[in-house]
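Structure incoming, see below.
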Amino acid sequence: MKFYNTIGGSAPHYRRYKVAAAHAVGAPVIRTAAGATGVTIATTTSTANAIGVVQDNGADYNAGVNIPYSTTQGDVEAVYKVIINPDAIWRLLLNEGATDGTALTVRTVSTAASDGLVVTTGFDYSSPQMDEGTVWCTSGANVGQSRKITSTSTTAATVIMPFLNDTVVGDTFQHAPYFVGNSPFVQLTSNLLNADNSIAVGSGAGFSVLDLELNGVSDSYVLAILIDHVFGVST
Amino acid sequence: METGPEVNKSPAVIIAGKNTEAKERMKEPRGRPVARTSGGWIHDLCAQKAVVLLCPLCTHKFNPGRLGYVKDRCFPIAIGKCDGCDVMDNHCSAYFWEETYKELRDTPEEQRARRKRRDKAIRIGHFD
């Protein structure tokens, strides 16, 4: 997860926290679990009681040695820097599945629509459910345009605001189960660094979607905020 | 009889060996140890590729390029404890090891390049 900005425009606030395991740089951490040695790593489907996102892998007295997480007596304590702003905006790459770095699958229009209201491809938009998500055109006359999905079927996604041009056979589209503010969940990839785009709308970890950057299969992003944050108003 | 505040008069127990309080304190991650100079401490952090925060009084003493570090240009002001003098400051500068920085920030250069790619894709009619 990349730090994008904060809602209020404030500077990033860094704190050094004890950790409960060797967490990856860029992964979100949550309030320490009972019996754990420090802040705990989030999961792909839960960021409840979030603390922030790890920015480095520790710093202590052993010069030249990265600090491993160790409970052996005599070893130095693993302490990582974390950005803790509750209104921090995080930027996550959209992936086709749980594996980070997997490009989105191209969806090719199989049936034309002369009203620009229906995107029909071989994909089942109702499973996983993409209703209230987003669909955008990656090639064809509507390239670069996006619309909110308002209903789905086993072969098509329907929108209310028509695309500017007819959709024709051979055009390609992408979809995402995310829409601004309307999908308070983003599912993380298994390494917790980016977003899984293959899940149903409304499932995943506690993020609120701030915006989407909709480009090609390997450079589309969701901008999101950790909504269940221990330093926020509501936890 | 006058009574004053109770004072714990139990004798201090000093245990020789590796678990003395002083040695335990040394393991605590409280920032720069007393015996270390700021420069040596910062170099230790850089050797571990850690994020370095420096307050306005300390930042000019640090040469990031020499250690493979870059200043966080996206957010030139950071809040946190200065790694040089341990003072909480609202106007720190954050320095990242260059490789880590790319993983953690969406730099203006990347944003401009992405915008150009998007414009080109729309112009030619398809994204890659």
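The values are calculated or read from the model by the stated rules, or taken from the named source; none is laboratory data. Just so we're clear, the structure is a prediction, and the values are computed from it rather than from any experiment. Reconstructed Cβ throughout: ideal geometry from the backbone, glycine too, with neighbour counts over all protein chains shown.
Would it be correct to say that A:Thr99 is within 16 Å of the chain's Cα centre (by Cα) and of a type in the set (Ser, Thr, Tyr)?
Details: within 16 Å of the chain's Cα centre (by Cα): yes; of a type in the set (Ser, Thr, Tyr): yes.
Yes, satisfied.
Only one of (1) over 20 Å from A:Gly204 (Cβ atoms); (2) within 14 Å of chain B (Cβ to nearest Cβ); (3) part of a loop (DSSP other than H, G, I, E, B); (4) hydroxyl-bearing (Ser, Thr, Tyr) fails for A:Thr105. Which number is that?
Condition (1) is where A:Thr105 drops out.
Condition (residue is within 13 Å of chain B (Cβ to nearest Cβ) and among the hydroxyl-bearing types (Ser, Thr, Tyr)) applied to the range A:28-36: is it met by at least one residue? Talk me through it step by step, then tell me what you get.
Step one: filter the range A:28-36 for residues within 13 Å of chain B (Cβ to nearest Cβ), giving A:28.
Restricting the remaining residues to those that are among the hydroxyl-bearing types (Ser, Thr, Tyr) gives none.
The answer is no; no qualifying residue exists.
List the number of the failed condition for A:Gly204; all other conditions in (1) surrounded by fewer than 19 Cβ atoms within 10 Å (Cβ to Cβ); (2) at positive phi; (3) touching a residue at least 40 places away in the same chain (Cβ under 8 Å) hold.
With respect to (1) surrounded by fewer than 19 Cβ atoms within 10 Å (Cβ to Cβ); (2) at positive phi; (3) touching a residue at least 40 places away in the same chain (Cβ under 8 Å), A:Gly204 is out only on (1).
Something else about it: Any residue at all in the range A:207-219 that is modelled with pLDDT under 95, within 11 Å of the chain's Cα centre (by Cα), more than 14 Å from every other protein chain (Cβ to nearest Cβ) and surrounded by fewer than 21 Cβ atoms within 10 Å (Cβ to Cβ)?
Yes, the range A:207-219 contains at least one residue that is modelled with pLDDT under 95, within 11 Å of the chain's Cα centre (by Cα), more than 14 Å from every other protein chain (Cβ to nearest Cβ) and surrounded by fewer than 21 Cβ atoms within 10 Å (Cβ to Cβ).
Against the definition (surrounded by 22 or more Cβ atoms within 10 Å (Cβ to Cβ), more than 10 Å from every other protein chain (Cβ to nearest Cβ) and among the hydroxyl-bearing types (Ser, Thr, Tyr)), how does A:Tyr125 come out, yes or no?
On the way: surrounded by 22 or more Cβ atoms within 10 Å (Cβ to Cβ): yes; more than 10 Å from every other protein chain (Cβ to nearest Cβ): yes; among the hydroxyl-bearing types (Ser, Thr, Tyr): yes.
Considered against the rule, which asks whether it is surrounded by 22 or more Cβ atoms within 10 Å (Cβ to Cβ), more than 10 Å from every other protein chain (Cβ to nearest Cβ) and among the hydroxyl-bearing types (Ser, Thr, Tyr), A:Tyr125 comes out as yes.
Name the single residue, out of those in the range A:1-27 being in a loop (DSSP other than H, G, I, E, B) and β-branched (Val, Ile, Thr), that is farthest from the other protein chains (Cβ to nearest Cβ).
Filtering the range A:1-27 for residues in a loop (DSSP other than H, G, I, E, B) gives A:1, A:7-12, A:20-27.
Applying the additional criterion that residues be β-branched (Val, Ile, Thr) yields A:7, A:25.
Values: A:Ile7: 14, A:Val25: 6 Å.
Here the residue is A:Ile7.
Name the residue, out of A:Ser190, A:Ser151, A:Ser183, that is outside any strand (DSSP E or B), at negative phi, more than 14 Å from chain B (Cβ to nearest Cβ) and modelled with pLDDT of 95 or more.
Details: A:Ser151 fails: outside any strand (DSSP E or B); A:Ser183 fails: modelled with pLDDT of 95 or more.
Going through A:Ser190, A:Ser151, A:Ser183 in turn, just one is outside any strand (DSSP E or B), at negative phi, more than 14 Å from chain B (Cβ to nearest Cβ) and modelled with pLDDT of 95 or more: A:Ser190.
Kindly provide the set of residues from the range A:144-175 that are in contact with a Phe, Trp or Tyr (Cβ under 8 Å, 6 or more places away or on another chain) and closer than 27 Å to A:Ile89 by Cα, ordered by number.
Passing the criteria: A:Gly144, A:Gln145, A:Ser146, A:Arg147, A:Lys148, A:Ile149, A:Phe173, A:Gln174, A:His175.
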